[in-house]
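The values are calculated or read from the model by the stated rules, or taken from the named source; none is laboratory data. As the structure is a computational prediction, the values presented were derived from the model and not from experiment. Ideal geometry is used to build each Cβ from the backbone, glycine not excepted, and the neighbour counts take in all protein chains shown.
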Amino acid sequence: MIFGFSKLSYCERLERLGLWSLEERRNRADIIEVFKLAKGWSAIPPEFMFELSTVKNLRGHTFKLVKHRSNLEVRRNFVTERLVNRWNSLAEWTLDAVAQIQF
């Protein structure tokens, strides 16, 4: 522990150290993994993990992923389901780098 930080709250420590929260780091890592899958930089084929939306009149970018319904909390928190909303909410300009996605 850094001297003088033991009495500070988690949020105050993060702010003073200029760090992201654990949740934000996990979300960032999830998005990076989807990017790697989409670019073919992963050993796992992307169609095994995700399904592209077939709806053509989408708002935002054209690489929206399908979110499957789930009753179990385990399935809802699996990486392929927990990041779909975050990926689908990305702006078009952030996905210009992955414009050649082949699912």
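The table for this structure:
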| quantity | calculated |
| --- | --- |
| Single residue of segment 71-103 satisfying the filter (polar (S, T, N, Q), assigned to a loop (DSSP other than H, G, I, E, B) and at pLDDT 75 or above) that is farthest from Ile32 (Cα to Cα) | Asn71 |
| Sole exception among (1) touching a helix residue (DSSP H, G or I) at 6+ places or on another chain (Cβ under 8 Å); (2) outside any loop (DSSP other than H, G, I, E, B) for Ile44, by number | (2) |
| Whichever residue in segment 3-32 is assigned to a helix (DSSP H, G or I) and either among the small types (Gly, Ala, Ser) or touching a helix residue (DSSP H, G or I) at 6+ places or on another chain (Cβ under 7 Å) (or both) and, among such residues, is farthest from Val84 (Cα to Cα) | Ala29 |
